[in-house]
Protein chains: 2
Amino acid sequence: MDLKECGYSLANRKQMRKKSIHPCQSTDKDVIKEAHAENVMTNLSNAYASDLLPSKEGEDLTKCFLLRVVNILLHYIEKTFDDKSKILDFHHPHQLLEGLDGFDLELSDHPESLEQLLVDCTDTLKYGVKTGHPRYFNQLSSGLDVIGLAGEWLTATANTNMFTYEIAPVFTVMETVLLKKMCGIIGWRETEADGIFSPGGSISNLYGILVARYKQYPEIKARGMAVLPCIVLFVSEQGHYSIKKAAATLGIGTDNVIEVKCDERGKMIPAELEKNILQAKRKGQTPFCVVATAGSTVFGAFDPLHDIADICETHKLWMHVDGLLGACNQMQAEYLFQPDKVYNINFDTGDKTIQCGRHVDVFKLWLMWKAKGTYGFEVQIDRYMELAKYFYKVLKKKDNFKLVFDAEPEFTNVCFWYFPPRLKHIPKSFERDQELQKIAPKIKAQMIVEGTAMLSYQPCGDKVNFFRMVFSNPATRQTDVDYLIDEIQRLGKDL
Amino acid sequence: MDLKECGYSLANRKQMRKKSIHPCQSTDKDVIKEAHAENVMTNLSNAYASDLLPSKEGEDLTKCFLLRVVNILLHYIEKTFDDKSKILDFHHPHQLLEGLDGFDLELSDHPESLEQLLVDCTDTLKYGVKTGHPRYFNQLSSGLDVIGLAGEWLTATANTNMFTYEIAPVFTVMETVLLKKMCGIIGWRETEADGIFSPGGSISNLYGILVARYKQYPEIKARGMAVLPCIVLFVSEQGHYSIKKAAATLGIGTDNVIEVKCDERGKMIPAELEKNILQAKRKGQTPFCVVATAGSTVFGAFDPLHDIADICETHKLWMHVDGLLGACNQMQAEYLFQPDKVYNINFDTGDKTIQCGRHVDVFKLWLMWKAKGTYGFEVQIDRYMELAKYFYKVLKKKDNFKLVFDAEPEFTNVCFWYFPPRLKHIPKSFERDQELQKIAPKIKAQMIVEGTAMLSYQPCGDKVNFFRMVFSNPATRQTDVDYLIDEIQRLGKDL
């Protein structure tokens with residue numbers, strides 16, 4: 001459906017109504033001519049938001065406008081999945097602020113026409129980043145799921161809020177059903193578990209620590225931290241930085257987050273945890289919680305959960321696990337589990353959230369689950385794992401790539417360096433690393449400028465900048481992986 | 001565009017391409033016949049999510065599926081704005097859980113067909129609540145803004161995250177532009193103000209108090225509440241309950257939130273605030289923050305901001321204002337202002353949020369602003385104010401209605417009781433109030449069952465259950481207001 005056809009289809013429909021004929025049986029030349037005439041009239045340069053519904057007679061215009069928006073979106077979706085399209089058309093912030101080809105971000109006192117809004121929509125997408133592109137690997141989560149997208153469109157249209165059953169009857173019940181299903185997967189029965197969807201992983205981690213604190217010290221809610229001893233919590237040095245943020249927010253303080261050493265794969269070392277707990281106690285601190293990580297941000301490492309659980313049991317500490325099942329979530333659909341019902345009575349109104357209103361996050365995931373089935377998610381995640389293994393094997397054979405640790409990936413993260421020919425044979429040294437440190441950023445910058453791929457990099461501990469590849473994009477195939485390797489070599493070989 | 005036409009349009013397009021003719025000039029009978037034939041094939045009972053993009057050749061199917069979803073949404077939007085449609089088709093949770101007419105919320109291991117997903121989408125909307133209906137007044141914010149909706153559809157399609165400029169170049173710059181504009185409106189220059197969009201008003205209030213605490217005690221971030229004196233904050237007894245929630249979350253404790261008395265309109269009494277501050281100091285508590293409310297939840301009351309500001313200045317307390325500009329926001333588009341740049345350096349990574357990833361909330365509001373202009377928002381809010389005044393005047397004349405306080409509304413909230421004839425002439429007494437208490441819930445329950453209107457009620461202090469009408473729905477007209485009054489009388493007269 002291109003722009004003309006949008007008008008055509010609308011106009012056509014109007015004609016059909018008037019003449020009471022079925023569109024697919026119609027061979028009436030006049031209908032099409034009239035449709036064409038009306039189509040011209042659907043130019044929206046003289047139409048404004050105030051002409052749309054709820055304005056009287058605003059119905060046809062509303063449909064035309066929304067269909068034209070959808071047309072822009074469908075075009076974008078088509079390009080997103082096309083590996084020959086650029087991932088982005090890079091510009092600097094000041095260029096966007098100054099206005100590119102008439103794309104004016106400034107807001108005025110007067111309204112723009114609907115036609116201009118459509119141009120704005122096109123431009124917004126034009127200068128954005130196609131996070132669903134097969135060669136977009138920049139974030140932990142990437143890819144555009146068409147079913148999830150449909151779910152979001154419906155959620156936006158339903159435009160309600162998770163306040164109460166009264167105003168979101170279907171969505172609140174769906175959340176119950178979905179959480180029960182998810183709890184079942186990790187082996188918790190309905191009476192043992194409860195949860196809510198929260199706006200992201202960081203807030204979920206904050207909830208985890210909030211619950212841990214409340215469970216140990218229920219008086220905290222009314223009386224505050226003033227009545228508590230100096231409480232401390234533990235997380236691996238590879239744990240997510242949101243744990244420290246949560247500690248700052250909750251009034252615990254970042255100094256009271258104790259980082260536990262990891263092995264070379266980024267897994268918490270249980271003996272180190274035990275040591276840290278005993279040290280803290282000797283210092284007069286009061287341990288209350290251990291945050292274990294199931295799929296760390298950089299390496300995709302899984303902490304040894306059973307060993308950590310044993311230590312928590314011995315020392316009577318709350319264990320919060322950051323991760324589990326995360327791989328099946330798209331951006332923003334986060335969740336939270338609590339291993340008992342303590343949270344139901346945590347806040348005076350009996351509600352479970354630190355928010356009041358809450359966005360409807362559940363429908364997207366519910367619809368995706370309906371569409372794929374549990375097996376479908378399994379297949380999807382298995383595919384990412386296969387791709388990660390494939391990528392690892394290919395890199396291992398290439399002598400200008402080096403893996404950050406040389407073992408089959410346990411999750412979908414693969415971390416590696418690229419060595420340009422001039423650095424390849426220089427043995428590890430401070431000077432060599434100073435040079436290597438610059439390689440990934442330079443390759444990345446050029447990738448962005450050319451819009452050919454997007455991949456993140458970072459240093460970690462004593463390791464200088466390396467690339468982190470994460471497979472979570474359903475559009476990515478082996479050919480894209482091969483392409484990425486070639487692209488890194490092309491952009492890096494002369495650096 | 002009905003379902004058949006969706007297939008028709010798609011098929012038609014395919015034909016057009018093949019034959020290189022313009023749709024609107026085509027009069028070829030065969031095209032339409034073939035289109036009809038292809039249309040039949042677009043039944044999606046044998047198609048699955050795995051056939052959609054990024055699947056090879058998934059493009060046409062993806063468009064057809066999404067257009068059919070949009071068709072369902074357009075139909076829903078049409079009904080939403082139709083005052084003759086029901087707001088909801090009420091069912092109990094157990095009915096939804098048991099499955100209504102084949103609407104099965106349970107999730108299975110196996111995928112459903114795309115055709116079944118479309119039925120699920122239809123059912124989800126069918127059993128939901130039309131929050132954009134002209135007679136939906138249930139929440140502080142209501143109404144469906146078509147431009148905002150288009151903005152949400154685009155946001156979902158762009159599917160990115162406010163992490164960084166790198167992956168959300170347009171949206172991050174838009175946020176800067178929009179916040180600058182909003183700061184300008186309340187008279188803050190760019191260098192004086194900063195802010196972010198947060199997932200709702202409660203989180204915004206949490207941020208407000210977090211900033212107040214950090215400003216007074218920067219050591220809190222690293223060392224926690226343990227190093228602070230017993231800090232207390234003040235909010236009016238009509239302030240939002242999220243302040244207490246925030247105090248619980250932040251480790252301040254709900255006991256350390258001191259409620260300041262209000263006048264009969266629900267405004268904080270400055271002399272009471274002063275008294276409370278002095279009392280707290282005498283008790284050895286350390287005041288650090290006053291939360292003023294601009295548009296309270298129940299009465300829409302504005303605290304005397306200037307008087308409170310003077311008191312805060314005298315006592316060197318941070319002043320946080322909950323509200324400002326809120327009326328122009330749709331659900332979920334919340335924001336936060338800070339009167340200086342302290343927050344920029346609040347967290348170690350230099351980011352401003354307690355989240356890591358953040359939903360793109362800005363585009364919807366940006367597009368609405370483009371569409372309406374600042375004047376358009378003014379007009380819209382003025383209209384709500386007019387409606388509130390109209391409603392007040394009509395109620396004042398009706399002798400079976402009584403206003404909770406008898407003065408022209410200052411904002412868009414109007415609170416009132418309905419007295420059935422049997423209670424009308426009984427003077428105020430405990431027994432009368434016991435009866436009156438039951439009236440609003442009964443009327444509301446019947447409204448929901450019949451789906452004719454939705455309106456909230458609550459008790460407040462010594463006042464038994466009263467209705468709270470809030471105007472924030474762009475679809476509401478005077479006739480809907482008249483309808484509501486008649487409806488309350490119809491449902492309440494024999495109670």
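Bear in mind these aren't lab numbers, they're just calculated from the coordinates by the rules spelled out. None of these values were measured; they are calculated from a predicted model. Here Cβ is always computed from backbone atoms with ideal geometry, including for glycine, and neighbour counts include all displayed protein chains.
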Along each of its three principal axes, how wide is the spread of alpha-carbon positions in region A:370-492, in whole angstrom units, largest first?
-> 54, 32, 25
In angstroms, what radius of gyration and Dmax does chain B have, counting Cα atoms only?
-> 27.0, 91
Taking chain A as the reference, fit the longest principal axis to its C-alpha atoms, fit the long axis of helix A:29-41 to the helix C-alpha atoms, and give the angle between the two in degrees, 0 to 90, nearest 10.
-> 60 degrees
Averaged over residues of B:67-74, the number of beta carbons from other chains lying within 10 Å of each residue's Cβ is 6
Per residue of B:137-150, count partner chain C-beta atoms within 10 Å of its C-beta, then hand back the mean as an integer.
-> 6
Sort shortest first the distances from A:Q279 to its counterpart in every other copy, using label points 7 Å along the Cα-to-beta-carbon line, and give them in nm.
-> 4.8
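How about region A:86-140: which GluC sites (Glu not before Pro) there lie in a loop by DSSP and see at most 12 other Cβ atoms within 10 Å?
On the way: sites: A:E98, A:E106, A:E112, A:E115; in loops: A:E106, A:E112.
For GluC sites (Glu not before Pro) across region A:86-140 that sit outside H, G, I, E and B with at most 12 neighbouring Cβ atoms in 10 Å, the list reads A:E106.
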Under the Karplus relation with 6.51, -1.76 and 1.60 and θ = phi - 60°, whole-Hz ³J(HN,Hα) for region A:77-91, x at Gly and Pro, equal 4, 4, 5, 4, 8, 8, 5, 8, 7, 6, 6, 7, 10, 5, 9
Tell me, what ³J(HN,Hα) does each residue in region B:270-287 have, in order and in whole Hz, if you take phi through Karplus 6.51 cos²θ - 1.76 cosθ + 1.60 with θ = phi - 60° and put x for Gly and Pro?
-> x, 4, 5, 4, 4, 4, 4, 5, 5, 4, 4, 4, 4, 7, x, 7, 10, x
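Do the sum for chain A: with -39,500 (n - 2.57) for every DSSP H run of n ≥ 4, divided by all residues, what is the mean residue ellipticity at 222 nm, to the nearest 500 deg cm²/dmol?
Working: 16 runs with 229 residues, N = 495.
Mean residue ellipticity, 222 nm, calculated: -15000 deg cm²/dmol.
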Can you work out the FRET efficiency for the pair A:D310 and A:K283, with r the C-beta to C-beta distance and R0 = 22 Å, to the nearest 0.05?
-> 0.40
Pseudo-label separations to other copies for A:L100 - Cα-to-Cβ vector, 7 Å, nm = 4.7
Any residue on another chain or 5+ positions along whose placed amide H is under 5 Å from the amide H of A:I231 is listed here as A:T286
Could you pull out every residue, at least 5 positions away or on a different chain, whose amide H is within less than 5 Å of the one on B:W318? Hs are placed 1.01 Å off N in the peptide plane, and Pro or chain starts have none.
-> B:C289, B:V290
Amide hydrogen neighbours beyond the local backbone of B:G357, cut-off 5 Å, H modeled | A:G201, A:S202
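Give the percent of DSSP beta bridges with both residues in the protein assembly as shown that are antiparallel, rounded to the nearest 5.
Details: 32 of 64 bridges.
Antiparallel bridges: around 50 percent, rounded to the nearest 5.
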Residue by residue, what Karplus-based ³J(HN,Hα) values in Hz, rounded to whole numbers, does region A:398-404 have, using 6.51, -1.76 and 1.60 with θ = phi - 60° and x for Gly and Pro?
-> 7, 7, 9, 10, 9, 6, 5
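Take peptide A:257-264, look around each residue's Cβ out to 10 angstrom, count Cβ atoms belonging to other protein chains, and average those counts. Provide the component values of the computation, followed by the final result.
Working: counts 2, 0, 0, 0, 0, 0, 0, 0.
What the average comes to for A:257-264 is 0.
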In nm, give the distance between the simple-model label positions of B:N46 and B:Q458, each being 7 Å from the Cα along the Cα-to-Cβ direction.
-> 5.6 nm
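Please state the charge dipole magnitude for the protein assembly as shown, taken about the Cα centre, from unit charges on C-beta atoms (+1 on K and R, -1 on D and E), reported in debye and rounded to the nearest 20.
Details: 118 positive and 130 negative charges, 165 e Å.
Roughly 800 debye for the protein assembly as shown.
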Full-stretch length increase - B:A445, B:T164 - with 0.36 nm per residue and alpha-carbon distance subtracted = 96.5 nm
With r defined as the distance between the Cβ atoms of B:K396 and A:V119 and R0 fixed at 41 Å, what FRET efficiency is calculated, to the nearest 0.05?
-> 0.25
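As an exercise, use a Förster radius of 25 Å and the Cβ-Cβ distance of B:H75 and B:R477 to find the FRET efficiency, rounded to the nearest 0.05.
Values: r = 23 Å, r/R0 = 0.91.
The calculated FRET efficiency here is 0.65.
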Quick one: angle between helix A:114-126 and the longest Cα principal axis of chain A, in degrees between 0 and 90, rounded to 10, please.
-> 40 degrees
What residues from region B:263-289 fall in the zone where the backbone N is under 20 Å from a label point 7 Å along the Cα-to-C-beta line of A:A222?
-> B:280, B:283-286
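From the cross-link list B:K244/B:K275; B:K393/B:K424; A:K221/A:K245; A:K79/A:K393; B:K396/B:K493, which pairs have alpha carbons spaced over 23 Å apart? Please list the in-between numbers first.
On the way: B:K244/B:K275 21 Å; B:K393/B:K424 19 Å; A:K221/A:K245 19 Å; A:K79/A:K393 30 Å; B:K396/B:K493 18 Å.
The answer is A:K79/A:K393.
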Along the dipole axis of region A:182-297 (charges at Cβ: +1 for Lys and Arg, -1 for Asp and Glu; origin at the Cα centre), the most positive-end residue among A:A222, A:I196, A:L273 is A:A222
With 0.36 nm assigned to each residue of separation and the Cα-Cα distance removed, B:T191 to B:L324 gains 45.9 nm
Report relative contact order for chain B in percent, whole number only (criteria: Cα-Cα under 8 Å, sequence separation at least 6).
-> 17 percent
Other copies of A:L324: label-to-label distances in nm, shortest first, labels 7 Å along the beta-carbon direction | 4.3
Computed label-point distance, nm, for sites A:K56 and A:R383 using a 7 Å Cα→Cβ extension = 5.3 nm
In degrees between 0 and 90, to the nearest 10, how far off the longest principal axis of chain A does helix A:146-158 point, with axes built from Cα atoms?
-> 70 degrees
